[in-house]
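K.L.:
Supplied in structure tokens, the structure appears directly below.
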Amino acid sequence: MSVDKTVVIRNGTLIDGSGKAASRNDAIVIKGNRITSVGPLPPDVKLEDRKNVDVLDAGGQWIMPGLIDAHCHMSYGYPLIKGEGKGKGTTRPEFSTLKSARSAQKVLRAGVTSISVPGGTWFTDVGVRDAIRLGLMEGPRMFVAGRMIITYGCIEDDEPSWEGTPDHAIGKLCNTADEMVTEVRRQHKHGVNFIKMADSRSGDSQMLSREEIASVVAEAHRRNLPVAIHSRGAGSTRAAAEAGVDWIMHTDLATDADLEAVAKSGAAILPTATFLGNVVELGNKVSPDQVQLDFGRMKRHFDLLCEIMHKARKLGIKLLVGTDTGNNSFMTHGDFHAKELEIFVKYGGYTPMEAIVAATNGNAQAVGLTGQVGEIAPGKLADVIVLDADPLADITVLQGCKHLSWVIKDGRVVDLGPRDEMLTFHQAAE
Ligand SMILES: [Zn+2]
């Protein structure tokens, strides 16, 4: 379908992303990359003018904004290649870029029209984002960070000190505030959309000082870059809130007082329970020691995150919805982006409608498009999905791509490709 054509979605049930009750849809009109009208068909749109108008009949189906995954990695993972592997295997930026591009297509075809990418290799994700923007390939809108700013002992500081963080690492060692500020400037120069910092892996001790975080926030904000942080610990969560970080990932170990500090600061929390939820499910299927992860700790953290969801809501803290897709070989692209909504509903006290609003309208913040995307209303960017099953009756129908009839991103109807390929393709290389 040509981008110059007007697209009209007729009939169906509309869940518009604002939280308003689902209602019968007459016509959603899309011109260029914007929604121009929602409601009765405007008289100037002639459905019989098939040269200029494409009509999608969504009768008996459900229409909602494209999903946004606020936590999705694209360029992690170094597959071992026979005859070549040593250390972490293949570590070429060229390979990483192609892999990221392939994954981006899978993400979009699963109905996820925007993603926030908090960390990756080199400037791989910047490149893929730009290729999508320039129309070289199809993919979701991408809002990307660069390598995570870390100190000795943080998550992603995986090598001995004499190796530091080599170029292919996801973390970038900066052991002083000055080094951190320099790295913010370097990443900004290379086109990142936001800055990602990261404290310790599991939160047992605090690695980043409040002053260091504050110096990153000051530099980034002056350059109009939001700042996000990986923080499972209590101390780092409080420090991040006081330093003015925009959204805090996880916060598992935060005390009630820490959460009050977060509420006061206005920062959002991105719990990201899907990764842990998948580990817990995996651990229930296979014996815990077959899972190459500390199952007991993961289960504890999962339960803590579910508690945080309830507590944060009571305090009026905004929750973002993200999955950590791509952080591990079993977190395959296209499969789990809506799993977090299921967890919000099952364990976080959300209704399906509230979860949908959070993962669309609410998540626009995580992709720098607050008020522009995530809602089906005149003037908004035209990211829309149509499903053959009701997500309000069963939130799990959003997972994978089996119930998707159409995905529209930026006003274009996406070619969903051969469905069985989509359902079976996994990152075989990992
Ligand atoms: Zn992550």
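The values are calculated or read from the model by the stated rules, or taken from the named source; none is laboratory data. It should be emphasised that the depicted structure is a prediction, and the values quoted were computed from it without experimental measurement. Quick reminder, even Gly has a Cβ in these numbers, built from the backbone with ideal geometry, and neighbours come from all protein chains shown.
This table checks each residue for (1) farther than 28 Å from Arg186 by Cβ; (2) modelled with pLDDT under 95; (3) more than 14 Å from the ligand (Cβ to nearest atom); (4) surrounded by 20 or more Cβ atoms within 10 Å (Cβ to Cβ).
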residue	(1), (2), (3), (4)
Val217	no, no, yes, yes
Arg222	no, no, yes, no
Ile229	no, no, no, yes
Arg238	yes, no, yes, yes
Ala241	no, no, yes, yes
Lys264	yes, no, yes, no
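K.L.:
Can you tell me which residues in segment 323-340 are more than 12 Å from the chain's Cα centre (by Cα) and aliphatic (A, V, I, L, M)?
P.N.:
Scanning segment 323-340 gives a single hit, Met331.
K.L.:
Pairs please, first residue from segment 326-337 and touching a residue at least 24 places away in the same chain (Cβ under 8 Å), second anywhere and within 14 Å of the ligand (Cβ to nearest atom) and acidic (Asp, Glu), Cβ atoms under 6 Å, 6+ apart in sequence or on different chains.
P.N.:
Cβ pairs passing all conditions: His337/Asp69.
K.L.:
Residue check: is His230 at positive phi and in contact with a Lys or Arg (Cβ under 8 Å, 6 or more places away or on another chain)?
P.N.:
no
K.L.:
Related question: Of all residues being within 16 Å of the ligand (Cβ to nearest atom) and under 29 Å from Ala393 (Cβ atoms) in segment 34-77, which is surrounded by the fewest Cβ atoms within 10 Å (Cβ to Cβ)? Just the residue, please.
P.N.:
For segment 34-77, the residue satisfying everything is Cys72.
K.L.:
Regarding Leu259, is this residue away from the ligand (no atom under 16 Å from the Cβ) and under 19 Å from the mean Cα position of the chain (by Cα)?
P.N.:
no
K.L.:
Moving on to the next point. Might you let me know whether segment 320-330 holds any residue that is among the acidic types (Asp, Glu), within 14 Å of the ligand (Cβ to nearest atom) and in contact with a helix residue (DSSP H, G or I) (Cβ under 6 Å, 6 or more places away or on another chain)?
P.N.:
Yes.
K.L.:
Among the numbered conditions (1) outside any helix (DSSP H, G or I); (2) free of Cβ contacts under 8 Å to residues at least 24 places away in the same chain; (3) closer than 24 Å to Glu340 by Cβ, tell me where Thr165 comes up short.
P.N.:
(3)
K.L.:
A further question on this structure: Take Arg185 and decide whether it is modelled with pLDDT under 95 and among the basic types (Lys, Arg).
P.N.:
For Arg185, the condition - modelled with pLDDT under 95 and among the basic types (Lys, Arg) - is not met.
K.L.:
What are the residues in segment 141-163 that are out of contact with any Pro (no Cβ under 8 Å at 6 or more places or on another chain) and more than 16 Å from the ligand (Cβ to nearest atom), if any?
P.N.:
Within segment 141-163, Arg141, Thr151, Tyr152, Gly153, Pro160, Ser161, Trp162, Glu163 meet the criteria.
K.L.:
Would you pick out the residues in segment 364-387 that are surrounded by fewer than 24 Cβ atoms within 10 Å (Cβ to Cβ), in a loop (DSSP other than H, G, I, E, B) and within 15 Å of the chain's Cα centre (by Cα)?
P.N.:
Hits for segment 364-387 are Gly368, Leu369, Thr370.
K.L.:
Restricting the search to segment 98-119, which residues are within 16 Å of the ligand (Cβ to nearest atom) and closer than 25 Å to Val184 by Cβ?
P.N.:
Result: Ser100, Ile115, Ser116, Val117, Pro118, Gly119.
K.L.:
Another question, then. Taking segment 120-140, which residues are touching a helix residue (DSSP H, G or I) at 6+ places or on another chain (Cβ under 7 Å) and within 16 Å of the ligand (Cβ to nearest atom)?
P.N.:
Within segment 120-140, Thr121, Thr124, Asp125 meet the criteria.
K.L.:
Which of the residues that make up segment 188-215 are surrounded by fewer than 20 Cβ atoms within 10 Å (Cβ to Cβ) and either among the hydroxyl-bearing types (Ser, Thr, Tyr) or at pLDDT 95 or above (or both)?
P.N.:
His188, Lys189, His190, Gly191, Ser202, Ser205, Gln206, Ser209, Arg210, Glu211, Ala214, Ser215
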